[in-house]
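Visitor: After the structure tokens below, expect a handful of questions from me.
The values are calculated or read from the model by the stated rules, or taken from the named source; none is laboratory data. Treat the numbers as computed from the prediction; the structure is a model and nothing was measured. Backbone-built Cβ (ideal geometry, glycine too); neighbour counts: all protein chains shown.
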Amino acid sequence: MLIALFDIIFGANKLLKSKMNIHNFTSKLLESAVDEFAKLPGIGRKTALRLVLHLLNQEKEDVNHFGETIIKLRNEIKHCKSCNTISDTDICNICSDLSRDTSVICVVENARDVMSVENTHQFKGLYHVLGGIISPMDGIGPNDLKIDSLLQKIKEENVKELILALSTTMEGDTTNFYLYKKFKNYKIKITTLARGVAIGDELEYADEITLGRSIVNRTLFESSI
Ligand SMILES: [Zn+2]
């Protein structure tokens, strides 16, 4: 009786495991495609299999185009020689836009942040992408970031303001402080993003640090309308 029960539990467990770890592939090609998709962030093997099967149902030309686009992206993408963001050309379309204000530089962590700020349509200056933030836990120090080229820009160009637009994490704050110390003796204004209660937030749900900062950095009502 006990052995039978053990068999049932053990058998069910085995079945569950084999369902979770898809390993009975009927094709090596299928399996290696699933392996590649499963390397992507947030994609488990089940989702990888679903995506691969979806591709198999598409027209050959569409799948070829999909593959070529990824290969082209990897082989041809560039980093702007001026601001370091991802670009198709040596100088990106933001840096080469003559209507932008070259005296204000917004310092961000990565190209995704450039897109986020651009999406606000509120900023008409230029960017500088650091390529990361200082994070001793991950072994990333100032020398791993594009700080020297920023210094060169400040020395050689007509920069009047540096906006530090980094994450509001400990690593972001550490990087902000490092940059502030490095550039404070140059004749430029160093600003950082306003931090406070988010639009649409109810005060009772705001954490103490955010609410505290909002009180300290309060603004004139007139400037908020
Ligand atoms: Zn650029």
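Visitor: Are there any pairs with C-beta distances below 7 angstrom linking a residue in the stretch 76-87 that is over 13 Å from Glu118 (Cβ atoms) to a residue that is more than 6 Å from the ligand (Cβ to nearest atom) and among the aromatic types (Phe, Trp, Tyr), with the two at least 6 apart or on different chains, and if so which?
Guide: From the stretch 76-87, no pairs qualify.
Visitor: Something else about it: Determine whether the stretch 162-177 contains at least one residue that is more than 16 Å from Glu109 (Cα to Cα), part of a loop (DSSP other than H, G, I, E, B) and modelled with pLDDT of 90 or more.
Guide: Going through the stretch 162-177, the residues more than 16 Å from Glu109 (Cα to Cα) turn out to be none.
There is no residue in the stretch 162-177 that is more than 16 Å from Glu109 (Cα to Cα), part of a loop (DSSP other than H, G, I, E, B) and modelled with pLDDT of 90 or more.
Visitor: Under the condition of being of a type outside the set (S, T, N, Q) and more than 12 Å from the ligand (Cβ to nearest atom), which residue from the stretch 73-107 is nearest to Leu193 (Cα to Cα)? Before the answer, list the steps.
Guide: If we filter the stretch 73-107 for residues that are of a type outside the set (S, T, N, Q), which is where we start, we get 73-74, 76-81, 83, 86, 88, 90-92, 94-95, 97-98, 100-101, 104-107.
Okay, now just the ones that are also more than 12 Å from the ligand (Cβ to nearest atom), so 73-74, 76-77, 98, 101, 104, 107.
Values: Leu73: 32, Arg74: 33, Glu76: 34, Ile77: 30, Leu98: 25, Asp101: 18, Val104: 14, Val107: 11 Å.
In this case the residue turns out to be Val107.
A quick yes/no check of all residues on (1) of a type in the set (Asp, Glu); (2) touching a Lys or Arg at 6+ places or on another chain (Cβ under 8 Å):
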residue	(1), (2)
Ile133	no, no
Asp173	yes, no
Phe177	no, no
Ser214	no, yes
Asn217	no, yes
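Visitor: Can you find a residue that is within 16 Å of the ligand (Cβ to nearest atom), hydroxyl-bearing (Ser, Thr, Tyr) and within 24 Å of Gly196 (Cα to Cα) anywhere in the stretch 124-137? Before you say what the answer is, go through the steps one by one.
Guide: Residues of the stretch 124-137 that are within 16 Å of the ligand (Cβ to nearest atom), as a first pass: 124-131.
Those left that are additionally hydroxyl-bearing (Ser, Thr, Tyr): 127.
Filter once more, so that each one left must be within 24 Å of Gly196 (Cα to Cα): 127.
Yes: the stretch 124-137 contains one or more residues that are within 16 Å of the ligand (Cβ to nearest atom), hydroxyl-bearing (Ser, Thr, Tyr) and within 24 Å of Gly196 (Cα to Cα).
Visitor: Okay, next question. Picking from Asn158, Asn110, Asn143, which residue would you name as being surrounded by 14 or more Cβ atoms within 10 Å (Cβ to Cβ) and polar (S, T, N, Q)?
Guide: Numbers: Asn158 fails: surrounded by 14 or more Cβ atoms within 10 Å (Cβ to Cβ); Asn143 fails: surrounded by 14 or more Cβ atoms within 10 Å (Cβ to Cβ).
Exactly one residue qualifies, and that residue is Asn110.
Visitor: Within the stretch 58-90, work out how many residues are surrounded by 13 or more Cβ atoms within 10 Å (Cβ to Cβ) and either in a helix (DSSP H, G or I) or more than 21 Å from the chain's Cα centre (by Cα) (or both). Steps first, answer last, please.
Guide: Taking the stretch 58-90 and keeping what is surrounded by 13 or more Cβ atoms within 10 Å (Cβ to Cβ), we get 63, 78-87.
Now drop any that are not either in a helix (DSSP H, G or I) or more than 21 Å from the chain's Cα centre (by Cα) (or both), which leaves 63.
Final tally of qualifying residues: 1.
Visitor: Next question, about the same structure. When you scan the stretch 91-120, how many residues do you find that are among the aliphatic types (A, V, I, L, M), part of a loop (DSSP other than H, G, I, E, B) and without any contact (Cβ under 8 Å) to a residue 24 or more places away in the chain?
Guide: Within the stretch 91-120, the first condition is being among the aliphatic types (A, V, I, L, M), and the residues that meet it are 91, 94, 98, 104-105, 107-108, 111, 114-115, 117.
Checking the rest, the ones that are also part of a loop (DSSP other than H, G, I, E, B) come to 91, 94, 98.
Narrowing the set further to residues that are without any contact (Cβ under 8 Å) to a residue 24 or more places away in the chain leaves 91, 98.
Looking only at that region, the number is 2.
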